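The values are calculated or read from the model by the stated rules, or taken from the named source; none is laboratory data. Since the model is a prediction, treat every value here as computed from it, not as a measurement. With ideal geometry, Cβ positions are generated from the backbone for all residues, glycine too; neighbour counts draw on all protein chains shown. Areas reflect the complete protein model, heavy atoms only, side chains present, ligands, DNA and RNA absent. Shrake-Rupley method; radii C 1.70, N 1.55, O 1.52, S 1.80 Å.
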Amino acid sequence: MIVSVSAVLLLAIVVVVLLRQRTVGTGSALVCAAFGFCLASTGIAPAITQALHVMAGLVSLH
């Protein structure tokens with residue numbers, strides 16, 4: 001749970017920075033968010049969650 005909350009906060013910060021720098025438009029950010037919600041409801045969601053946990057474990061070792 002901690003990893004997913006941290007990942008969500010990190011990605012939210014990245015999206016805000018991209019929006020402020022006008023690198024990505026509001027429409028594109030909304031499409032990416034919608035894609036994330038759709039992806040979370042598929043069968044690949046557990047694999048993505050496991051990959052995030054592995055990456056978090058690797059980062060915490062360094």
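In the stretch 45-62, the residues that are of a type in the set (Asp, Glu) never reach a residue that is open to solvent by 90 Å² or more (accessible area, probe 1.4 Å) and modelled with pLDDT under 85 with C-beta atoms less than 9 angstrom apart, at least six apart or across chains. Of the residues Leu30, Leu39, Leu58, Leu18, the single one that is modelled with pLDDT of 85 or more, at negative phi and open to solvent by less than 70 Å² (accessible area, probe 1.4 Å) is Leu18.
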